[in-house]
Amino acid sequence: MEILCDDSSTKSNVYYAKKKRRAAQIQGEDSSHKKERKIYNDGFDDDNHDYIVKNGEKFLERYEIDSLIGKGSFGQVVKAFDHGEQFKLKRHFMWRNHLCLVFELLSYNLYDLLRNTNFRGVSLNLTRKFAQQLCTALLFLSTPELNIIHCDLKPENILLCNPKRSAIKIVDFGSSCQLGQRIYQYIQSRFYRSPEVLLGIPYDLAIDMWSLGCILVEMHTGEPLFSGANEIDQMNKIVEVLGMPPKHLLDQANKTRKFFEKLPGDRRYILKKPKDGKKYKLPGSRRLHDILGVETGGPGGRRAGEAGHSMSDYLKFKDLILRMLDYDPKTRITPYYALQHNFFKRTSDESTNTANSTSSSPAVASLDMSLTNSSSSQHGKFSKCRRN
């Protein structure tokens with residue numbers, strides 16, 4: 001379990017790691033008693049082996065459960081009160097056969113932030129601050145003693161530390177693994193899934209950099225860069241922007257035939273025609289240059305004349321994104337070199353180092369943080385398939 005503690009209010013969030021199904025128990029049950037209520041973990045778990053949350057229950061005579069916040073594939077999150085300490089707490093313990101991990105309580109995630117802008121995106125300056133922190137985090141994860149692949153980097157898994165500041169943290173390492181110890185084949189949320197994962201090529205830390213490139217574009221434009229309804233749709237949308245993948249990648253991939261075919265008498269690959277008859281733009285014709293509005297005042301022209309959104313700023317941003325979205329994971333930019341990129345070398349009076357900032361970020365303060373109508377057309381368009 002993971003417990004997230006708030007220093008000021010002593011509230012905590014408790015994340016319950018889902019207990020593995022006891023196959024032997026399930027298989028050995030008498031079929032004649034199927035209608036009888038089964039007992040799991042001495043009655044503490046439900047039929048899905050999730051812990052049955054009871055408001056007011058106290059773990060270790062310390063963490064008092066307040067309410068259920070949410071439930072996911074790997075566990076559930078509840079709000080709790082920490083009666084033991086009022087400062088930041090990090091520990092772990094076992095509770096009724098469930099592992100509990102304790103963390104600080106953070107603010108809302110970057111998808112919530114986008115929703116609060118009515119999916120119009122945040123400024124390029126704020127995007128830069130997020131980018132620098134995330135590259136720094138990936139650099140830390142890539143250190144030889146860690147070599148951790150997050151495997152599910154997306155706006156929902158990046159949380160603000162404080163709603164009035166730009167400091168952020170990456171959360172939800174439930175799908176993560178160490179390099180050389182890859183557990184899952186089906187990883188990464190679809191919108192942020194790298195080409196090597198789609199194609200069935202052995203993956204490494206570079207898949208997180210691909211996800212980051214997708215996230216940064218979305219944070220500024222307000223819309224997912226590649227919003228595929230399924231894997232075939234996802235690959236086609238990637239090709240629309242980036243063109244065809246290199247031949248050497250397709251030659252070594254296990255799933256190439258799922259998306260591509262070779263021309264008769266030719267070694268070149270082309271996209272397969274979708275069975276549903278859906279039409280796509282020519283490979284590379286949906287330019288990132290136009291998506292970002294490099295020469296037209298930003299996405300939708302919304303940043304025209306705004307400080308920090310010059311053509312030069314956009315050209316630097318576009319160049320960094322294209323390096324993050326390199327098809328080949330071996331030549332994709334690494335966190336170290338990403339941090340050396342000109343996009344982070346500002347010549348204006350605005351600093352990009354915000355991770356330890358103690359004052360409110362002007363970029364955040366300038367956003368319209370009032371709640372918007374959640375039934376907006378864009379929200380409805382993307383919310384249904386974001387979680388896949």
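Numbers below:
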| quantity | calculated |
| --- | --- |
| Criterion violated by residue 136 - all others in (1) surrounded by 21 or more Cβ atoms within 10 Å (Cβ to Cβ); (2) closer than 26 Å to residue 319 by Cβ satisfied | (1) |
| Condition met for residue 87 (aromatic (Phe, Trp, Tyr) and modelled with pLDDT under 85) | yes |
| Index of the failed condition, residue 161 passing every other in (1) at pLDDT 95 or above; (2) farther than 22 Å from residue 74 by Cα; (3) touching a Leu at 6+ places or on another chain (Cβ under 7 Å) | (1) |
| The stretch 54-69: number of residues that are closer than 12 Å to residue 96 by Cβ and in contact (Cβ under 8 Å) with a residue 12 or more places away in the chain | 2 |
| Filtered residue count, the stretch 180-204, keeping only those that are free of Cβ contacts under 8 Å to residues at least 40 places away in the same chain and surrounded by fewer than 15 Cβ atoms within 10 Å (Cβ to Cβ) | 8 |
| Residue within the stretch 163-179 that is under 22 Å from residue 327 (Cβ atoms) and either buried (at least 23 other Cβ atoms within 10 Å of the Cβ) or out of contact with any Pro (no Cβ under 9 Å at 6 or more places or on another chain) (or both) present | yes |
| Any hit, the stretch 299-313, residues being of a type in the set (Lys, Arg) and either in contact with a strand residue (DSSP E or B) (Cβ under 6 Å, 6 or more places away or on another chain) or over 22 Å from residue 239 (Cα atoms) (or both) | yes |
| Selection from the stretch 265-296 of residues that are free of Cβ contacts under 8 Å to residues at least 40 places away in the same chain and β-branched (Val, Ile, Thr) | 270, 294, 296 |
| Only one of 148, 158 that is touching a strand residue (DSSP E or B) at 6+ places or on another chain (Cβ under 7 Å), over 14 Å from residue 334 (Cβ atoms), crowded, with 22+ Cβ neighbours inside 10 Å and touching a residue at least 24 places away in the same chain (Cβ under 8 Å) | 158 |
| Helices (runs of 4 or more DSSP H) (entirely within the stretch 181-267) containing at least 3 residues that are under 17 Å from the mean Cα position of the chain (by Cα) and within 28 Å of residue 308 (Cα to Cα) | 206-221 |
| Residue match in the stretch 236-247 (condition: in contact (Cβ under 8 Å) with a residue 12 or more places away in the chain, in the same structural domain as residue 116 (by TED's automatic domain parsing) and within 19 Å of residue 119 (Cα to Cα)) | no |
| Single unsatisfied condition, residue 303 versus (1) among the basic types (Lys, Arg); (2) within 30 Å of residue 231 (Cα to Cα); (3) in a loop (DSSP other than H, G, I, E, B); (4) modelled with pLDDT of 95 or more | (2) |
| Inter-residue pairs, beta-carbon under 6 Å, first touching a residue at least 60 places away in the same chain (Cβ under 8 Å) and in the stretch 110-133, second of a type in the set (Ser, Thr, Tyr) and part of a helix (DSSP H, G or I), 6+ apart | 121/221 |
| Search result, residues across the stretch 254-304 that are in contact with a Gly (Cβ under 6 Å, 6 or more places away or on another chain) and on the phi > 0 side of the Ramachandran plot | 284 |
| Tally, over the stretch 121-135, of residues that are out of contact with any helix residue (DSSP H, G or I) (no Cβ under 8 Å at 6 or more places or on another chain) and either within 13 Å of residue 221 (Cα to Cα) or not in a helix (DSSP H, G or I) (or both) | 0 |
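Listed here are the residues, each with its yes/no results for (1) of a type in the set (A, V, I, L, M, F, W, C); (2) modelled with pLDDT of 95 or more; (3) over 23 Å from the mean Cα position of the chain (by Cα).
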site: 52; (1), (2), (3): yes, no, yes
site: 55; (1), (2), (3): no, no, yes
site: 72; (1), (2), (3): no, no, no
site: 102; (1), (2), (3): yes, no, no
site: 118; (1), (2), (3): no, yes, no
site: 121; (1), (2), (3): no, yes, no
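Per-residue answers, yes or no, for (1) of a type outside the set (Ser, Thr, Tyr); (2) within 29 Å of residue 258 (Cβ to Cβ); (3) assigned to a loop (DSSP other than H, G, I, E, B); (4) out of contact with any Pro (no Cβ under 8 Å at 6 or more places or on another chain):
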{"residue": "282", "(1), (2), (3), (4)": "yes, yes, yes, yes"}
{"residue": "294", "(1), (2), (3), (4)": "yes, no, yes, yes"}
{"residue": "309", "(1), (2), (3), (4)": "yes, no, yes, yes"}
{"residue": "315", "(1), (2), (3), (4)": "yes, no, no, yes"}
{"residue": "320", "(1), (2), (3), (4)": "yes, no, no, yes"}
{"residue": "331", "(1), (2), (3), (4)": "no, yes, yes, yes"}
{"residue": "343", "(1), (2), (3), (4)": "yes, no, no, yes"}
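The values are calculated or read from the model by the stated rules, or taken from the named source; none is laboratory data. As the structure is a prediction and not an experimental result, all values here were calculated from the model. Quick reminder, even Gly has a Cβ in these numbers, built from the backbone with ideal geometry, and neighbours come from all protein chains shown.
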